[in-house]
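Asks: I have a structure I would like to understand better, so I am pasting it below and will then ask my questions one at a time.
The values are calculated or read from the model by the stated rules, or taken from the named source; none is laboratory data. Here the structure is a predicted model, which is why all the values come from computation and not from measurement. Cβ placement follows ideal geometry from the backbone for every residue including glycine, while neighbour counts extend to all protein chains displayed.
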Amino acid sequence: MGKRRRSRELAIKVLFHLEFSSDDPATVVALICNNFGVSEDVKPFSEELLLGVCGHLKELDSLIRKASKNWRLERIARVDRSILRLAVYEFLYRDDIPPKVTINEAVDLGKKFGTEESGAFINGILDKIYSTLNLDSQKSLTV
C-alpha cells in the first residue's frame, strides 16, 4: 500500500475520532500513531490533509449538504462523512491530486472502513460535487 493511501487512512482515523471529541488533531495523530504502529513517514501528508479539512470544515460540509439532498449531514455515517470531507478538501485545495484519484481513494476507503453501501454512497455524493464544481476544466485528470 502506498504512502499516500496510508496517510489518508490515518487522516480518516483522526477525523473519525474528532467526530466524538474536541481533542487537538495533533494530539489525536500522536495517539493513533502510538497505539496502531503507524510509521512516521505517513504523518506529514496526513497532517496537511487534517489541517486543511479542519480549517475548511464549514465550506466542505456545505458542499456535502448540497450534494446529499435526501440525507442530512448529521444522518450520514460518521466514517462516511469523514471520508467525504477529506475528498472534498482534496477536490478544492489539492491541485497535485487529480479528482479521479481522489474519488477512487475515497471509494476504497469507504469500502474498507464503512458499510457495504459506503463505497457506492460516497461515489454518488462525490460524483455530484465533482460535476457541480466542473473540476475537469480546473484540474488535469492525468494520473
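Asks: Over 17 Å from HIS17 (Cα atoms), not hydrophobic (A, V, I, L, M, F, W, C) and not in a helix (DSSP H, G or I): is that true of ASP127 in this structure?
Replies: no
To keep it simple, each residue is scored yes or no on (1) in contact with a Ser or Thr (Cβ under 8 Å, 6 or more places away or on another chain); (2) within 18 Å of LEU109 (Cβ to Cβ).
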site: SER39; (1), (2): no, no
site: SER46; (1), (2): yes, yes
site: LEU49; (1), (2): yes, yes
site: GLY52; (1), (2): no, yes
site: ARG72; (1), (2): no, no
site: ARG81; (1), (2): no, yes
site: LEU84; (1), (2): no, yes
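Asks: In segment 1-53, which residue that is polar (S, T, N, Q) and touching a residue at least 24 places away in the same chain (Cβ under 8 Å) is surrounded by the fewest Cβ atoms within 10 Å (Cβ to Cβ)?
Replies: Taking the candidates together, the pick is SER39.
Asks: A follow-up question, please. If you scan segment 65-74, which residues turn out to be in a loop (DSSP other than H, G, I, E, B) and either touching a residue at least 40 places away in the same chain (Cβ under 8 Å) or basic (Lys, Arg) (or both)?
Replies: Answer for segment 65-74, where residues must be in a loop (DSSP other than H, G, I, E, B) and either touching a residue at least 40 places away in the same chain (Cβ under 8 Å) or basic (Lys, Arg) (or both): SER68, LYS69, ARG72.
Asks: Within segment 17-64, how many residues turn out to be touching a helix residue (DSSP H, G or I) at 6+ places or on another chain (Cβ under 6 Å), over 21 Å from ARG94 (Cα atoms), assigned to a helix (DSSP H, G or I) and not aliphatic (A, V, I, L, M)?
Replies: Going through segment 17-64 one residue at a time, the tally reaches 1.
Asks: Limited to segment 72-97, what total is found for residues that are of a type outside the set (A, V, I, L, M, F, W, C) and farther than 15 Å from ILE12 by Cα?
Replies: 7
Asks: Right, next: Does LYS69 satisfy the condition of being within 14 Å of ARG8 (Cβ to Cβ), loosely packed, with under 15 Cβ neighbours inside 10 Å and either more than 12 Å from the chain's Cα centre (by Cα) or at pLDDT 95 or above (or both)?
Replies: No: the conditions fail for LYS69.
Asks: Under 9 Å between Cβ atoms, at least 6 apart or on separate chains: pull out the pairs that start in segment 87-108 with a residue that is basic (Lys, Arg) and end on any residue that is assigned to a helix (DSSP H, G or I).
Replies: Close Cβ pairs (under 9 Å, with a partner that is assigned to a helix (DSSP H, G or I)) amount to ARG94/GLU48; ARG94/LEU49; ARG94/GLY52; ARG94/THR102; LYS100/TYR130.
Asks: Right, next: Within the bounds of segment 90-102, is there any residue that is modelled with pLDDT of 95 or more, part of a helix (DSSP H, G or I), touching an Asp or Glu at 6+ places or on another chain (Cβ under 7 Å) and closer than 22 Å to ARG4 by Cβ?
Replies: Yes, some residue in segment 90-102 is modelled with pLDDT of 95 or more, part of a helix (DSSP H, G or I), touching an Asp or Glu at 6+ places or on another chain (Cβ under 7 Å) and closer than 22 Å to ARG4 by Cβ.
Asks: Also, quick follow-up: Can we say ILE122 is surrounded by 20 or more Cβ atoms within 10 Å (Cβ to Cβ) and either over 15 Å from GLU9 (Cα atoms) or over 11 Å from the mean Cα position of the chain (by Cα) (or both)?
Replies: Against the criterion (surrounded by 20 or more Cβ atoms within 10 Å (Cβ to Cβ) and either over 15 Å from GLU9 (Cα atoms) or over 11 Å from the mean Cα position of the chain (by Cα) (or both)), ILE122 qualifies.
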